[in-house]
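Undergrad: Take a look at the following structure, please.
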C-alpha cells in the first residue's frame, strides 16, 4: 500500500518493532497523530516521541496483527491527503 502512493514513505530499517513513516510536515506530528486518531481511529506516535529533530515523522507499531496493520495503514493513507493538502 505504502509503495503504491507518493505522499508518504517508509524509512529503511533493518529490524525492530516499529516502522517510521515520513509524511509531509504541514502541521506538527502531534497534531497529525491526534487527527488520525479522531478521524480514522488509528493510533500512531508522533516522531518527537523518538527524538526526531523536526516534524514530518510518524511511528507505527509492527506488533499489530497483519490484517489490523494493513487496515490501519489503509485508513492513514486515505486520510493523509485531507490532512496535509
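Each reported figure results from applying straightforward, stated rules to the coordinates on display, with no laboratory input. From a predicted model like this one, the values you see are computed outputs, not experimental measurements. Don't worry about glycine lacking a Cβ; one is built from the backbone with ideal geometry, like all the others, and counts go over all protein chains shown.
Undergrad: Could you point to the label whose value was computed as Cα extents along the principal axes in Å for the structure here, given (i) 64, 28, 18; (ii) 62, 31, 10; (iii) 28, 26, 23?
TA: (iii)
Undergrad: Would you mind computing, in nm to one decimal, how far apart the modelled labels at residue 48 and residue 66 are, each placed 7 Å from Cα along Cα→Cβ?
TA: 3.7
Undergrad: Moving on. Mean shadow of region 35-74, computed from the convex hull of its alpha carbons, in nm²?
TA: Working: hull surface 12.3 nm².
With the hull built on Cα positions only, its mean projection is 3.1 nm².
Undergrad: Mind checking which of 16, 56, 72 has the largest fluctuation in a GNM of the chain, springs on alpha carbons under 10 Å?
TA: Largest GNM mean-square fluctuation: 16.
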